[in-house]
1. Summing both sides, how much accessible area is buried between A and B? Use a 1.4 Å probe and give Å² to the nearest 100.
2. Could you work out how far helix B:24-38 tilts from the main Cα principal axis of chain B, as a 0 to 90 degree angle to the nearest 10?
3. Using a 7 Å offset from the Cα along the Cα-to-Cβ direction at both residue B:28 and residue A:195, what is the distance between the two label points in nm, to one decimal?
4. Rounded to the nearest 0.05, what FRET efficiency do residue B:112 and residue A:229 have when you use their Cβ-Cβ distance and R0 = 56 Å?
5. Give the calculated FRET efficiency between residue A:6 and residue A:275 to the nearest 0.05, with a Förster radius of 35 Å applied to their Cβ-Cβ distance.
6. In degrees between 0 and 90, to the nearest 10, how far off the longest principal axis of chain A does helix A:8-43 point, with axes built from Cα atoms?
7. Could you sort B:154, B:102, A:70 by accessible area so the largest value comes first, with the probe set to 1.4 Å?
8. Estimate the FRET efficiency between residue B:39 and residue B:149 by the formula 1/(1 + (r/R0)^6), using the beta-carbon distance for r and 51 Å for R0, to the nearest 0.05.
Amino acid sequence: MHLLSIDWWFILEKLVLIVIVISLSLVIAMYTTYAERKVAAWLQDRRGPNRAGPWGILQPLADGGKLFFKEEIIPLVSSKWLFILGPSLAMLTALLTSAVIPWGTSLHLFGKDVPLQIADVNIGILYIFGVVSLGVYGIMIGGWASNNKFSLLAAIRGASQMISYELAMGMALIAVLMLTGSLQMSVIVQNQVEHGWHIIYQPLGFIIFFICALAECNRTPFDLPEAENELNFGYHQEYSSMKLGFYLFAEYINMFISSAVMATLFLGGYDIPFVNETQWGLPQNLLAIIGFAVLMAKIFFFLFVFIWIRWTIPRFRYDQLMNLGWKGLIPLSLANMVITAIVMLWKSKT
Amino acid sequence: MVQLTQKAKLVDRRQMSWLERIYLWNILKGMMITLSHLFKRKATINFPEQKRYFAPVFRGLHVLNRDEEGRERCTACGLCAVACPAEAITMEAAERLPGEEKLYREEKYAARYEINMLRCIFCGLCEDACPKDAIYLSQTFAPSNYSRKGFIYKKEDLLIPNPLTDPEDYKKALGDRPAKKINN
Ligand code: SF4
Ligand code: SF4
């Protein structure tokens, strides 16, 4: 009987948290599309969308509505099941990652401590890597099922790009793991709260991780899978209506999540910089909310940088991309790892 | 080599330095340039609310003029159609019947007068050719349309409002254009 005594409170709490986090990611992804258009316009001395609602803030809704009402086209020669699976998988993996990110310290509600993290698994980072590498299937399957040369080419490009950049990304992370000695996201953040942000100890690791994150999200300058001018929009060329919407949306959710991961791993997550907030004597709930706001600010900063980069630099050529990945980033991240290890060893000796 | 113009610039073919080769620094410089544009004045004019300034000599949509008594000035002489380099003007003449003196200024008038705005190049030669000050180019655009047919403007679309029945609209359509001197 003991096995069946489920903690209903626990399940309810997690369910509510999941709903909040997912809807938050969706809303933020929605408004990232708006921010993207606005920032792009400003960087080009234009005004950007300003017709739907005041300052155009209803633009994402209008875009979504438009996508919904578009005709749903499934090419005759495509394999239908896989064709639908592709965008669903892209969306699914994009949303799954948010499970292990610590969004703040814990709230004190109804006499219980509610941690603002869906699952504090002790292999958080491995989980993220696992799910992110699943993301390539969305592109692969979608591109392959379209039965279109361009889509297939784009899918292959996407797959090889992701695989090559995941390596460097992982190795840049190993250095961080050596510093903390844990794969658990909450421990990594706690370690930064105590010892200072990882970006100070690992500037090179951060740059490598950031570049790889750009590549993983298929953002410019690494947006080769959807290169408009040579591949006609790449893997989502045959897609229409909300299936296309899913692909586009997944990209923005990916951006949001990878910003969150970067903020957590390198910028101290919900840590408020330069101060020791525990000395303020503020109630725990307020502190948790402030921490969450700080994390959000860091995420928004990264999102802005993503957009900013997109509207500044042109796309890499494919061989340049591979050169940078295999001959640039991987040796660098290896060196970074070895140097970190040596310094740590040297410090522990003295 | 002798330079032909002052604009010619020598291409810098030096080897890239280490800093340039790792891209990051140059990318950062580029990003600073785009960031500075974030705060620049926007070049866009918010169209329906704001209109850009048009010079008084701007050549826009045609208007068929009336005289002060509200009579159509055009006498269907066809000079505008002859002058038109784009052959955009078509017309059919008709004779003024007794009792129509209030409608038409001359004994002969244009029963049909059409300008194809897709052919027109807005050169204004029709205005120059007209001996009766009957046609001129206003300061408005030809608006967009859903079909090609919609761009063939009939006489009703071109005629200026009657100064007797609706003087305000007439004034607005006339704009700040000085009347052409005609001798008759
Ligand atoms: S403006 Fe020029 S092209 Fe247009 S109708 Fe007049 S003469 Fe023809
Ligand atoms: S508009 Fe002027 S030039 Fe053209 S037919 Fe009429 S009177 Fe003649």
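The values are calculated or read from the model by the stated rules, or taken from the named source; none is laboratory data. What you see is a predicted model, and the numbers here were worked out from it, not measured in a lab. All Cβ positions, even for glycine, are placed from backbone atoms using ideal geometry, and neighbour counts span all protein chains on display. Ligands, DNA and RNA are stripped out before the accessible areas are found, and what is left, the full protein with its side chains, is counted by its heavy atoms. Shrake-Rupley method; radii C 1.70, N 1.55, O 1.52, S 1.80 Å.
1. Values: alone 17630 and 14380 Å², together 30430 Å².
Buried: approximately 1600 Å² between B and A.
2. Once rounded, the angle reads 30 degrees.
3. In this crude spin-label approximation the distance works out to 2.6 nm.
4. On the way: r = 49 Å, r/R0 = 0.88.
The computed FRET efficiency comes out at 0.70.
5. Working: r = 41 Å, r/R0 = 1.17.
Working from the Cβ atoms, E equals 0.30.
6. 60 degrees
7. Details: B:154 80, B:102 170, A:70 100 Å².
I get B:102, A:70, B:154, largest accessible area first.
8. Details: r = 47 Å, r/R0 = 0.93.
Computed FRET efficiency for residue B:39 and residue B:149 comes out at 0.60.
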